[in-house]
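Engineer: Can you keep this structure in mind? I'll have questions shortly.
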Amino acid sequence: MIASHLLAYYFTELHHDHVQKVSNSQHLQCFETGDFLALDLGGTNFRVLLVRVSSNGKQKVEMENQIYAIPENIMRGSGTELFDHIAECLANFLEKLGIKDKKLPLGFTFSFPCQQTKLDESFLVSWTKGSKASGVEGRDVVGLLRKAIKKRGDFDIDIVAVINDTVGTMMTCGYDDHHCEIGLIVGTGTNACYMEEMRHLELVDGDEGRMCVNMEWGAFGDDGALDDIRTEFDREIDAGSLNPGKQLFEKMISGMYLGELVRLILVKMAKDGLLFQGHTTPDLLTTGHFQTSFVSAMENKKSGLVSAEQVLRGLGLDPSPEDCVATQRVCQIVSTRAAHLCAATLAAVLRQIRDNKAAERLRTTVGVDGSVYKNHPQFARRLNKMVRLLVPDCDVRFLRSEDGSGKGAAMVTAVAHRLAKQHAERQRILNTLRLSRDQLLEVKKRMEEEMNRGLAKKTHATATVKMLPTFVRSTPDGTERGDFLALDLGGTNFRVLLVRVRSGKRRSVEMHNKIYTIPQDITQGTGEELFDHIVHCIADFLEYMGMKGASLPLGFTFSFPCHQTRLDQGILIKWTKGFKASGCEGEDVAALLKDAIHRSEEFDLDVVAVVNDTVGTMMTCGYEDPQCEVGLIVGTGTNTCYMEEMSNVELVDGDEGRMCVNMEWGAFGDRGELDDLCTEFDRAVDDQSTYPGKQRYEKMISGMYLGEIVRNVLLDFTAKGLLFRGKLSERLKTRGIFETKFLSQIESDRLALRQVRSILQHLGLTSSTCDDSILVKEVCSVVSKRAAQLCGAGLSAVVDKIRLNRGLEKLSITVGVDGTLYKLHPHFATIMRETLRDLTPNCEVTLIQSEDGSGKGAALITAVACRLRDAGK
């Protein structure tokens, strides 16, 4: 590894499109026009720039800048003093241009090793280049600058991006050359950055597209990798530096150390009698007195020897012509080594990019800046020549940055500013789907009110939560036995079951079942066709079990809103979940089933009980846990039942004991109780549904609708240019195409973004990017979290009512749960449980998953009913 590979956290969009490279000028066309500030700090001088981006058919970039010095006492003082000085210079620049009253976006080029966690947050790893301001290492430099500006209080700016000078150089040069994908600095210090494939960056989520990597290659060799080529002079320089053992590669290359290397060699040669007749002078022996600019001057082909004599005499020496030639040769050797070392590491970067692209030949551009590269007469030529020798299969163009890295910072800022505005707009929209604790408590309160309205005779007719009596008043006591059929109908798939109940010490429930499908034309046809199809499937099942013609007691799990006056009767109030079979609403579904059985003339069944799937789930779980007194379904639809005090069930005579109440809570909100929580996406889903205005709570929670909510959010984002680059796919426009199972898959912690993208491609979004995948995942997460929280809030109202019914301070109770959304979504159950715990601190609720569905419960209710009927006889 060349170096630590710190990541430059600006979006891949800033420089490259997700897979194919996009030029910087193309990105500039995406800029919002306006004024952008840049602050370029990389040494004892720093620049403040105002970059004006205008467009009159063609993008135009204009710059104004001012260079400010940082006194040495501040560079080595406290971090507070340093950033206060920078803030003062910023204020001076803004005042000079008459824009101090404007809050402009600023890009901060900070050319020291940093660990970035996001675009506008960067923690200084260590000072280099002789800087030593205390209290800055390990801290966020953006935060320190913001603090200094806030302390002044006379101006404000929006720091939207912090980048390295190499990144700024790459962006600056990339504006003129679209092939530029490497940035190189060889000046006071040295560093490089390049565009790396996301799939290789394990520190960042996502594997599509590319991201700029800030290499911080000055630290190459700190682990001993360069020990075999470091000389005694390199070790002496390091020992006398401010950071011994650090930045060893930089100390062999950069302008801060080249002059010092030459000085140490000259001192050694003089002491060995090889130069200056063995004489030295105080100036020659003083650290820092042989500047890197002297090296550049001595290597000038025309005036090099004259410069050598002038410099040496300036150091108090009396050089001979041979001394001047030898000193020039030392300079050549030191600068050539620096250029070749730089070329070797750059060659490794070029090979990496070539291999990433699997290209036989790479064509690329390196954007370069820095005083050594620009001012030394031979450095650039030697570097270029050695790169060509080391990587002959790479056609490399070296492009000097004439505007420094500040322009690049402003370019990054301009794009980042636009992206930040887009992000803010996306979050504004998603915030309409996020619920606060106060909102959830209000949902709980309104649910409690609707429950009481549904139980009371006076208000039952207008209540949205119907609180329907089920006439289930007893749970299994262990004496039930026999064979029972169960029919479980709650969606487009239904089950027929044979349940064998054994009593006594070896009490057990043995089940056999088969799943059948109801074609859509039958769910939308006539009731006669629907029940004839069901009976045909029952006949098939009996033949499959070798029980053709058998007459058995049957429990019918019918998971649609029904009014019951007795256990073996269920008057369908209304279809839900997309069913629309005619001639059923207002009719007894048990009678409709019996009529179909008589029409078939193949077998006879005794319909003993009609139950809801929630009741069946409660009974199934109650067989294993006697504390189970609540049933919850969260699947295609959603509903709950629980054991209510008979004294509160005003629709049924009698005050003794308890009865299971089928809440039919999916209709909660149909009177407007949830209007303040409904979003434009909920309204769109409702408007396009089979029954607009009905089952509003269910449409915000259940599996039948969550995918549609997500699809509508994605459509809105895309139409506003916030997703998929504003390009809609025809498939995404199709209602129902974004299935709720996609939410479960996309939100899975084990699913990589590459797999998320494959789901999006299935939806016709072939050009979706890694960032698109991240955003789609966030939308899914927000929608499913809201569903789980709403479900938890409703359930909290149920368990708290049971606690208050019984006059308990603390309630311990079990809820039996079934449904594909609850079972298959990776986070739904956890979020619902957390919400329930938060909103009902006085209830200890255990949630147990029904493994056998609600069909087993229907058979158990039938078994109990048969036991009670036999006992009555």
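Engineer: Take the Cα radius of gyration of the stretch 232-400 and divide it by 2.2 N^0.38 Å, with N its residue count; two decimals is plenty.
Structural biologist: Rounded to two decimals, the normalised Rg is 1.17.
Engineer: Counting only protein heavy atoms and a 1.4 Å probe, tell me what percentage of the stretch 780-834's accessible area is made up of carbon and sulfur.
Structural biologist: Ligands and nucleic acids excluded, carbon and sulfur give 51 percent.
Engineer: Given a 1.4 angstrom probe, I'd like the percentage of the accessible area of the stretch 232-400 that is carbon and sulfur, rounded to a whole number.
Structural biologist: 52 percent
Engineer: Ratio of Rg to Rh for the stretch 651-720, alpha carbon only, Kirkwood?
Structural biologist: Rg/Rh: 1.18.
Engineer: What is the chain's relative contact order, in percent, from Cα pairs under 8 angstrom and six or more apart in sequence?
Structural biologist: 11 percent
Engineer: Another one. What accessible area per residue comes out for the stretch 232-400, rounded to a whole number of Å², with a 1.4 Å probe?
Structural biologist: Accessible area per residue, the stretch 232-400: 46 Å².
Engineer: Could I ask something else about it? Could you check how many percent of all C-alpha pairs in the stretch 285-352 are farther apart than 14 Å?
Structural biologist: Summing the P(r) tail past 14 Å for the stretch 285-352 gives 63 percent.
Engineer: Further, regarding this structure: Could I get the Rg over Rh figure for the stretch 216-278? Both from C-alpha atoms, Rh via Kirkwood, rounded to two places.
Structural biologist: Computed over Cα atoms, the ratio is 1.04.
Engineer: Which trypsin sites (Lys or Arg not before Pro) from the stretch 466-575 combine a DSSP loop assignment with at most 16 other Cβ atoms within 10 Å?
Structural biologist: Here the sparse-neighbourhood loop sites are 481, 505, 506, 507, 548, 566, 574.
Engineer: Please work out how much accessible surface residue 447 shows to a 1.4 Å probe, ignoring ligands, DNA and RNA, in Å² rounded to 10.
Structural biologist: Accessible surface of residue 447 is approximately 0 Å².
Engineer: May I ask for the Kirkwood hydrodynamic radius of the stretch 672-713, worked out over all distinct Cα pairs and given in angstroms to one decimal?
Structural biologist: Its Kirkwood hydrodynamic radius stands at 10.1 Å.
Engineer: Also, quick follow-up: Roughly how tilted is helix 406-431, in degrees to the nearest 10 and between 0 and 90, from the longest Cα axis of the chain?
Structural biologist: Here the helix axis deviates by roughly 10 degrees.
Engineer: Under the Kirkwood approximation applied to all pairs of distinct alpha-carbon atoms, what is the hydrodynamic radius of the stretch 398-550 in Å?
Structural biologist: 23.2 Å
Engineer: Give me the accessible area of residue 217, 1.4 Å probe, in Å² rounded to the nearest 10.
Structural biologist: 0 Å²
Engineer: If you don't mind, another one. Treat each spin label as a single point 7 Å out from the Cα along the C-beta direction, and report the residue 830 to residue 427 distance in nm.
Structural biologist: Rounded to a tenth, the inter-label distance reads 2.3 nm.
Engineer: Something else: Which of the lysines could be linked to residue 514 by a straight reach, that is with a Cα gap under 16 Å, when you skip same-chain ones fewer than 8 residues away?
Structural biologist: 548, 856
Engineer: Give the residue list of GluC sites (Glu not before Pro) in the stretch 791-847 that are DSSP loop and have at most 15 other beta-carbon atoms within 10 angstrom.
Structural biologist: The qualifying sites are 809.
Engineer: Which values, in whole Å and largest first, are the semi-axes of the equivalent ellipsoid of the stretch 469-567 obtained as the square root of 5 times each eigenvalue of the Cα gyration tensor?
Structural biologist: 26, 19, 11
Engineer: May I pose another question? Determine the equivalent ellipsoid of the stretch 766-873 by diagonalising the alpha-carbon gyration tensor, then write out the semi-axes as square roots of 5 times the eigenvalues, largest first, rounded to whole Å.
Structural biologist: 37, 22, 9
Engineer: Measure nothing but the geometry: give the 0 to 90° angle between the long axis through the Cα atoms of 165-176 and the longest principal axis through the Cα atoms of the chain, rounded to 10°.
Structural biologist: 90 degrees
Engineer: Given the DSSP H assignment, sum -39500 (n - 2.57) over each helix run of at least 4 residues in the chain and divide by its residue total; what's the result at 222 nm in deg cm²/dmol, nearest 500?
Structural biologist: So the calculated ellipticity at 222 nm is -13500 deg cm²/dmol.
Engineer: Any idea what % of Cα-Cα pairs in the stretch 517-582 are farther than 17 Å?
Structural biologist: Value for the stretch 517-582 (Cα pairs over 17 Å): 53 percent.
Engineer: Using the Kirkwood radius over Cα pairs, work out the Stokes-Einstein diffusion coefficient for the chain at 4 °C and 1.567 mPa s, in µm²/s as a whole number.
Structural biologist: Using the Kirkwood radius from Cα pairs, D works out to 40 µm²/s.
Engineer: Using 0.36 nm per residue, how much length does the chain from residue 690 to residue 600 gain when fully extended, once their Cα-Cα distance is taken away?
Structural biologist: Contour length minus Cα-Cα distance gives 29.3 nm.
Engineer: Then there's this: Given the protein chains as shown and a 1.4 Å probe, how many square angstrom of residue 340 are accessible, to the nearest 10?
Structural biologist: 70 Å²
Engineer: Mind checking the stretch 253-314 for trypsin sites (Lys or Arg not before Pro) that DSSP puts in a loop (not H, G, I, E or B) and that have at most 12 other Cβ atoms within 10 Å?
Structural biologist: 301, 302
Engineer: Subtract the Cα-Cα distance of residue 625 and residue 351 from 0.36 nm times their separation in residues, and report this length gain in nm to one decimal.
Structural biologist: 92.1 nm
Engineer: Can you give the angle from 0 to 90° between the axis of helix 304-314 and the longest principal axis of the chain, with both taken from C-alpha atoms, to the nearest 10?
Structural biologist: It is inclined by approximately 80 degrees.
Engineer: Now a separate question. When only Cα pairs under 8 Å and 6 or more residues apart are kept, what is the percent relative contact order across the stretch 232-400?
Structural biologist: Relative contact order for the stretch 232-400 comes out at 20 percent.
Engineer: Kirkwood Rh over alpha-carbon pairs of the stretch 609-731, then Stokes-Einstein at 10 °C and 1.306 mPa s: what D in µm² s⁻¹, rounded to an integer?
Structural biologist: Roughly 93 µm²/s, to the nearest whole number.
Engineer: A follow-up question, please. How do the peptides 630-638, 532-540 rank, highest first, by the average count of neighbouring beta carbon atoms within 10 Å per residue?
Structural biologist: Result, highest mean Cβ count within 10 Å first: 630-638, 532-540.
The values are calculated or read from the model by the stated rules, or taken from the named source; none is laboratory data. Quantities reported herein were computed from a predicted structural model and do not represent experimental measurements. All Cβ positions, glycine included, derive from the backbone under ideal geometry; neighbour counts span all protein chains shown. All accessible areas refer to the heavy atoms of the entire protein, side chains included, with ligands and DNA or RNA removed. Shrake-Rupley method; radii C 1.70, N 1.55, O 1.52, S 1.80 Å.
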